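Structure, as structure tokens:
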Amino acid sequence: MNTLHNQDLSDHPESDREQLQRDAVSDSSSLEIDHPELETDTIDSSVSLSEKSEEGASTVSEQNITVEKTTPVAEVNPEPAPPKQNWIQRRIKVVTDTVEEWKWLRREIRSFPARTQQRMKEIEKHFMVYRLTFANLTYKAPRIEEEIQEVYDQIVNQIPQLEERTKKRSLIFRNLQTLRDLHQEWVKISEQQEHLIALLQKAPKGMDFYNRMQIIREQRRQEELRQKENQERIEAAYESLKKALSYVEHQCKDDEPIVYGNEVLTLEDAQKVWNEHITEILTMKDLKNASVETVLARIRSLEETIREYPTLSKQIQRVGERFSRLIALHDLLSSYGKRIIPQAEISRSSTIMYEQIPALWSTGQYHNLKIMLERVENFLNFYENTVELEVAIGERRRSGFTQGLAPSIIPGVGGLSPLIGLARVLVAAIDQRDRYMIGHSEKVARLAVDTGKKLAWSSGDLEFLEIAALLHDIGKISIPETILTKVKPLTSQEWKMIQMHPYYGAQIVKQMNVFNRIVPWIYHHQEHWDGTGYPDQLKKEDIPLASSIIAVAEAFTVMTAELPYRTAVTTEEALENLKESAGKQFAPEVVEAFVEGVVESTQEKSNSPQK
């Protein structure tokens, strides 16, 4: 090598110098390809190579100076720096850069664990804010939570592994490529930490947005459920309304029209009004211009009105008959100079009866109609007894006094006296088949009428109640006599036969149109207040009030009667049993009125003088 540098480079032609330059570059490439460990081996080899390169460079410089000194000045031409000198400088720079990179990587890798732990503390602070936000939310976004948890788990799992790899072997004994790989992995951990921090910073907004969206969805779902529930409630109420229409049509299909002065009140008129109300309600529902509760209230009110129709129509008929009879009797008295009712009151009541009530009927204003009927009934109750008394006095004083009156005016308040007699004939037939219950229906009828009086029933209603109480067991005509008179306990089949007597009784009574009103009274007289009775298990106010009265009167009669299979209880014990069963088997209001009536009747008998 020294010999090479001692030669006079100027002696070579330029082509030879270029050839030497190419050979140096070729040698350098060959050296890099064949011996990569010169660049990537341990730091000791790099340092040694650097020193040798510096020595070679010094020798070459000295030889060049010597050659220049020995060469005559006149013969030397200025030449550029030898190519091999540039190659050596580049190799020196490469080695120097490699050493600097190696040192830098060592410093960086040694600092990574501390920086990573510091970063983890910052992450924990962000986690605290995130958890506080998370705890206050109703709905949590699972994807955000899963992504954060996944990145966090990766970091937590990788840091100990990387720390273990870093400590496993001293960094000074690792080559450059190994340090690069290790550094890259620490950089990845740092990037993951930065990514996690970014996720934690964005998470509260994302979670809040998700929470608000879920709340809105839940509100929409709840609203849909409410609408569905309201729709079902309306449909159920409408179905009940249709059943009420069908029931009334079935109950009143054989009824005669109500002739009311110059007016004729028919079921068709009422149905027309009801259909108009139904159309109005359905329109209101479809347009949604009213609340659900308003629609339901309208439907229920209409249903109540429809179900009251049979009773209301009969009430109108009874009040009309009473009013006509009262006016006829009063006109009779007036013809003999005896005027009891002022003409102004007669005119006012006649206007209500023959103008206002028909008008309210035709327009379906049943609430106001009831008020008008109540006013007329108050008028009748106030003058009826006085007028009848005066007519009775006139009949005693003058024979034939009432001959000019229509026949329907004479029998009684409602013209039901012959029917009551007929009912007693039928009851006598029942008593002949069940010798243990002779007089049972008569006693039930008397107690039922007394209870009706306590409940302020009108005289016309009391007559219907008396007939219903007399005929309540008429269905037992269809029960075999062996079952009716059996002393031993009944079998299940025999008991089922007994439970059919309300149905048989209703079928018998409905054959006469005049008894249509009392058909449900007889059919339901075995129902219980709590719904455990028969035949339809009706509850509370669904049971006709007359049926409840008959039930209490019958129970008291049976308890106080002497029967072959048990002894009778005292009146006090029977009343106590009724009180205990009030609200369970019997209507509380009826029991209270019944007990009051029996107690008063007992006191009157004890206070009456003995004959």
Only one of F134, F112, F127 that is of a type outside the set (D, E), buried (at least 16 other Cβ atoms within 10 Å of the Cβ), in contact with a Ser or Thr (Cβ under 9 Å, 6 or more places away or on another chain) and outside any loop (DSSP other than H, G, I, E, B) = F112
Residue that is least open to solvent (accessible area, probe 1.4 Å), among those in the range 274-310 that are at pLDDT 80 or above and of a type in the set (S, T, N, Q) = T305
Can you tell me which residues in the range 529-547 are under 23 Å from L484 (Cα atoms) and either of a type in the set (A, V, I, L, M) or buried (at least 20 other Cβ atoms within 10 Å of the Cβ) (or both)?
-> G533, S547
Q219 under 24 Å from N275 (Cβ atoms), without any contact (Cβ under 8 Å) to a residue 60 or more places away in the chain, under 20 Å from the mean Cα position of the chain (by Cα) and loosely packed, with under 13 Cβ neighbours inside 10 Å = no
Filter pass, R169 being in contact (Cβ under 8 Å) with a residue 40 or more places away in the chain and either more than 16 Å from F112 (Cα to Cα) or open to solvent by 30 Å² or more (accessible area, probe 1.4 Å) (or both) | no
Take the residues in the range 195-216 that are open to solvent by 70 Å² or more (accessible area, probe 1.4 Å) and out of contact with any helix residue (DSSP H, G or I) (no Cβ under 8 Å at 6 or more places or on another chain), then tell me which one is nearest to T116 (Cα to Cα).
-> K202
Would the range 567-588 turn up any residue that is in contact with a strand residue (DSSP E or B) (Cβ under 8 Å, 6 or more places away or on another chain) and in a helix (DSSP H, G or I)?
-> yes
Would the range 439-459 turn up any residue that is at pLDDT below 85, under 24 Å from E374 (Cβ atoms), open to solvent by 20 Å² or more (accessible area, probe 1.4 Å) and part of a helix (DSSP H, G or I)?
-> yes
Complete set of residues in the range 332-368 that are in a helix (DSSP H, G or I), polar (S, T, N, Q) and open to solvent by 40 Å² or more (accessible area, probe 1.4 Å) | S335, Q343, S347, T351, Q356, S362, T363, N368
Check the range 396-414 and report whether any residue there is under 60 Å from the mean Cα position of the chain (by Cα), modelled with pLDDT under 75 and assigned to a helix (DSSP H, G or I).
-> yes
Among the residues of the range 452-494, the number that are among the β-branched types (V, I, T), in contact (Cβ under 8 Å) with a residue 24 or more places away in the chain and farther than 21 Å from V427 by Cβ is 1
Restricting attention to the range 361-384, which residues are over 39 Å from the mean Cα position of the chain (by Cα) and closer than 16 Å to D269 by Cβ?
-> S362
In this structure, does S246 turn out to be farther than 30 Å from T386 by Cβ, open to solvent by 30 Å² or more (accessible area, probe 1.4 Å), modelled with pLDDT of 80 or more and not in a loop (DSSP other than H, G, I, E, B)?
-> yes
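The values are calculated or read from the model by the stated rules, or taken from the named source; none is laboratory data. Please read these numbers as outputs of a predicted model, since none were measured by experiment. Every residue, glycine as well, gets a Cβ built from its backbone with ideal geometry; the counts of neighbours run over all protein chains shown. For accessibility, only protein heavy atoms count, side chains too; no ligands or nucleic acids. Shrake-Rupley method; radii C 1.70, N 1.55, O 1.52, S 1.80 Å.
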